[in-house]
Amino acid sequence: MTVMKNISASTVNSQQLWDFYYKRRVEVDLKKWYAKYRSIFLFLFSFGMGASAMFLLASADSRQDELQILPNTNAIAMSTAEELPELSAETLYSEIVNQGIAYPKVVLAQGQLESALLTAGSSKKTNNLFGMRFPSVRPTTAIGIYLQGKDSIIYGTQKELRKYLKRPTYAVYAHWTDAVADYKMWQDFSFKARSKYIDFLSRVYATAPNYAEEIRKMVD
């Protein structure tokens, strides 16, 4: 038999012939199929590899973003730690003035009294200079709450943390400068002395009916 090189005619049976030809047929069919669909196969393979690479890169970027925004035990974002000033009486006063907070010397004294410049009590964990409560309504720079009874911190948005506000909760900040910014927000939200003073000027200082309105336009 000329078609089989390694099998003698005396030892070949019908099953062996069938197995041999079937194997050859399958090999030929596979080669034809691969030749026909080779470009499609390569495209799908390349697409799959590209998609996998993009997914890995996106995952890496996502993890990096999380590293930058999630607070650590010191509540300082790694990407900005070198840019933010260290806390001292001088830098605190400077930040209070830069934020435009009313009565800056009084507020500085509050920071020293409430937290001893972040050296007293839980202030080291929370960066809460002024003993501020976490607000449920007004805008805030706080990123979480400190549960005093449990000595634990929970991070989240105002909506997420509202259910915890029935118990004593203090605000948690990413950095002490955020506590100063939040104090300014609290002052603007609840302390209306400037507005009252402008109304006072309108009543006793000038007779023009739009005097108060013009003053507000100039200072707002």
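The values are calculated or read from the model by the stated rules, or taken from the named source; none is laboratory data. What you see is a predicted model, and the numbers here were worked out from it, not measured in a lab. We place every Cβ from the backbone using ideal geometry, glycine too, and count neighbours over all the protein chains shown.
Scanning the stretch 129-157 for residues that are touching a Leu at 6+ places or on another chain (Cβ under 8 Å) and part of a loop (DSSP other than H, G, I, E, B) turns up L129, F134, S136. Restricting attention to the stretch 163-177 and to residues that are among the hydrophobic types (A, V, I, L, M, F, W, C) and under 14 Å from G144 (Cβ atoms), the residue that is modelled with the lowest pLDDT turns out to be L165. Please determine whether any residue of the stretch 118-128 is touching a Lys or Arg at 6+ places or on another chain (Cβ under 7 Å), farther than 14 Å from T177 by Cα and in a loop (DSSP other than H, G, I, E, B). Within the stretch 118-128, none of the residues are touching a Lys or Arg at 6+ places or on another chain (Cβ under 7 Å), farther than 14 Å from T177 by Cα and in a loop (DSSP other than H, G, I, E, B). Within the stretch 97-108, the residues that satisfy the criterion of being over 14 Å from L87 (Cα atoms), at pLDDT 90 or above and either more than 24 Å from the chain's Cα centre (by Cα) or not in a loop (DSSP other than H, G, I, E, B) (or both) are V97, N98, G100, I101, P104, K105, V106, V107.
Conditions (1) in contact with a His (Cβ under 8 Å, 6 or more places away or on another chain); (2) without any contact (Cβ under 8 Å) to a residue 40 or more places away in the chain; (3) surrounded by fewer than 15 Cβ atoms within 10 Å (Cβ to Cβ); (4) within 21 Å of L108 (Cα to Cα), marked per residue:
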position: P135; (1), (2), (3), (4): no, no, no, no
position: Q148; (1), (2), (3), (4): no, yes, yes, no
position: D151; (1), (2), (3), (4): no, yes, yes, no
position: L165; (1), (2), (3), (4): no, yes, yes, no
position: T169; (1), (2), (3), (4): no, yes, no, no
position: Y173; (1), (2), (3), (4): no, no, no, yes
position: Y183; (1), (2), (3), (4): no, no, no, yes
position: D188; (1), (2), (3), (4): no, yes, no, yes
